[in-house]
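Have a look at the structure below, then the notes.
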Amino acid sequence: MKPIISVNNVSMRFNLATEKVDSLKEYFIKLTKGSLKFEEFWALKDVSIDVMPGDFYGLVGLNGSGKSTLLKTIAGVLKPTKGSVTVGGTIAPLIELGAGFDMDLTARENIYLNGAVLGFSKKFMDEHFQEIVDFSELHNFLDVPLKNYSSGMVARIAFAIATVTDPDILIADEVLAVGDYTFQQKCEKRMKQLIDNGTTVLFVSHSIEQVKSLCNKATWLEHGKIIMSGDAQTVCDEYSKRY
Amino acid sequence: MKTKMGTFWRYRFLLTNLIGRDLKIKYRRSKLGIRWSVLNPLLMMLVLTAVFSAFFRFDIPNYPVYLLSGNLLFTFFNDSTNAAMGSVLYSAPLIKKVYVPKYIFPLEKSCFSFINMLFSMVALLMVMLITRQKFHPSIVAAIVPLFLMFIFCMGIGLFLSAAAIYFRDVMHFWTVIVMALNYATPIFYPESIWNGTFMAVAGKLNPLYWYVSTFRGCIIDGLFPSTLQIALCAIFAVISLVVGSVMFRKTQDNFILYI
């Protein structure tokens, strides 16, 4: 079977500007003085993973270990400095819920806008509008500007929009940490439903219990390097031993 | 190339949605709403006409139409390039989280400003009626310089939006350039005041001169665009678009590291 996501020797470099050079004048002064220095920072070092169709793949690691960077290279947001990422399917990114919402617009307008950001067509959004509204349970607030919403309500709509398709790949970066308990349950149920329909999930969470109970495979990252990769149970157990 | 077009086609709904968003936000909570895009240039024209008939007296037949036609085009240039310049920067929260083709943002601003200008053309028609300006058949050809100017502004917008990411200075610098162009283009004065060959030649190197004068020819003088005019308008548009998109494409992968 061919992997649906294959990450090959990916390294990602960020330039941590030691001094912030934001203006042209400064830039040229620094350039002529030869003091234009960037401290290199490798957020990912030679990372390779293969995700098979149908996997529920967990990423564990401390803050700053490169989990989100890896997700972003897979989602196409970041282009790796070295190596390559091949993705064989549609992606629903839940990297940060509500990216692309405009707080001045109403929920109704935002649903269409966000759908468009995710690359859905107008026809598709018309067909699935009701489904999104039903899932987020916000019938009475559809024509209220989003700035008057609570953050939980915003998260609900965002989750509903992102999961309205049956994406081939769902990228979830600690999304289940938002909303109240019942909504978290609902999200988890929806994710399980997607998996039953064959969606591959990439999942980041700090709750090792959650990773253990949901994932079948996992990778443990530290300082941008893979410490361990494989069966979720084994990786999580090792991880728990360390911390 | 084919897949590029495919992506663009896939994201056309995003383009229309962003334009819709801008229209809604621009005229939110205003009683007159979109009518402002007609009213605004009308009022501006009244002020400018009053000012210039008091201070300078140019020998221009139907000055209100002359002034308004030049001003509408220049406002479009100003609005579209300025909005496009900041567009990628201001979309940073989105670009950092979801993959969207980044050129959508400057492109959307150019389209939005263009649509706004088309609405404002109603003001020009009204002034033409009021001042009993003769309607020539060549008026239909006015779309040619407008369209070419749209391409021209799109290219500049792409260039500026990419440049502004690396150097915010561009944003300050551009306001000065726009002001210089405002005076260099015959908007409120006739080109006959360019005395001497130097001024005439220098003035005609300005692309905006060609868009404005070709447009006015169609509207006021009843002249269809000449081959030279179309050629020059098109050449400026193509150069701008090519330079803008090459610059944008070469730098776009690193945008995320700077925004």
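The values are calculated or read from the model by the stated rules, or taken from the named source; none is laboratory data. Keep in mind that what you see is a predicted model, and the values were worked out from it rather than measured. Cβ: placed from backbone, ideal geometry, glycine included. Neighbour counts: every protein chain shown.
Descriptive notes on the structure:
- Scanning segment B:8-17 for residues that are within 7 Å of chain A (Cβ to nearest Cβ) and in a helix (DSSP H, G or I), we see that the one that is farthest from B:CYS111 (Cα to Cα) is B:ARG10.
- Lone unmet requirement of (1) touching a helix residue (DSSP H, G or I) at 6+ places or on another chain (Cβ under 7 Å); (2) within 14 Å of chain A (Cβ to nearest Cβ) for B:PRO93: (1)
- In this structure, B:SER80 does not satisfy being farther than 22 Å from B:PRO186 by Cβ, assigned to a helix (DSSP H, G or I) and more than 14 Å from chain A (Cβ to nearest Cβ).
- Qualifying residue in segment A:121-135 (condition: part of a helix (DSSP H, G or I), assigned by TED's automatic domain parsing to the domain that holds A:PRO3 and surrounded by 15 or more Cβ atoms within 10 Å (Cβ to Cβ)): no
- Selection status of B:GLY20, crowded, with 16+ Cβ neighbours inside 10 Å and within 14 Å of chain A (Cβ to nearest Cβ): yes
- Which listed residue is outside any helix (DSSP H, G or I), in contact with a Lys or Arg (Cβ under 7 Å, 6 or more places away or on another chain) and more than 11 Å from chain B (Cβ to nearest Cβ), from A:LEU78, A:LEU59: A:LEU59
- Single residue of segment B:96-123 satisfying the filter (farther than 18 Å from B:ALA83 by Cβ and away from chain A (no Cβ under 14 Å)) that is surrounded by the fewest Cβ atoms within 10 Å (Cβ to Cβ): B:VAL122
- The condition of being surrounded by 14 or more Cβ atoms within 10 Å (Cβ to Cβ) and of a type outside the set (Ser, Thr, Tyr) holds for only one of B:PHE236, B:PHE198, that being B:PHE236.
- The set of residues in segment A:67-79 that are under 11 Å from the mean Cα position of the chain (by Cα) and either at pLDDT below 85 or crowded, with 17+ Cβ neighbours inside 10 Å (or both) comprises A:LYS67, A:SER68, A:THR69, A:LEU70, A:LEU71, A:LYS72, A:THR73, A:ILE74, A:ALA75, A:VAL77.
- Qualifying residue in segment B:135-155 (condition: free of Cβ contacts under 8 Å to residues at least 24 places away in the same chain, outside any helix (DSSP H, G or I), surrounded by fewer than 21 Cβ atoms within 10 Å (Cβ to Cβ) and at positive phi): no
- Positions within segment A:124-143 being within 14 Å of chain B (Cβ to nearest Cβ) and more than 24 Å from A:GLY198 (Cβ to Cβ), in sequence order: A:ASP126, A:PHE129, A:ASP143
- Scanning segment B:45-66 for residues that are modelled with pLDDT of 85 or more and hydroxyl-bearing (Ser, Thr, Tyr), we see that the one that is surrounded by the most Cβ atoms within 10 Å (Cβ to Cβ) is B:TYR66.
- Verdict on B:THR197 being of a type outside the set (Lys, Arg) and closer than 28 Å to B:VAL140 by Cβ: no
- Segment A:22-66 - residue that is among the small types (Gly, Ala, Ser) and closer than 14 Å to A:TRP220 by Cα and, of those, modelled with the lowest pLDDT: A:GLY64
- The residue list B:GLY86, B:GLY20 contains one member that is under 30 Å from B:GLY6 (Cβ atoms), in contact (Cβ under 8 Å) with a residue 60 or more places away in the chain and assigned to a helix (DSSP H, G or I), which is B:GLY86.
- Unmet criterion (only one of (1) within 18 Å of B:ARG10 (Cβ to Cβ); (2) in a helix (DSSP H, G or I); (3) more than 8 Å from chain B (Cβ to nearest Cβ)) for A:LEU113: (3)
- Odd one out for A:LYS82 among (1) crowded, with 16+ Cβ neighbours inside 10 Å; (2) within 24 Å of B:GLN252 (Cβ to Cβ); (3) out of contact with any Phe, Trp or Tyr (no Cβ under 7 Å at 6 or more places or on another chain): (1)
- Selected residue (criterion: farthest from A:ILE161 (Cα to Cα)) from residues of segment A:81-110 that are over 18 Å from the mean Cα position of the chain (by Cα), free of Cβ contacts under 8 Å to residues at least 60 places away in the same chain and in a loop (DSSP other than H, G, I, E, B): A:ASP104
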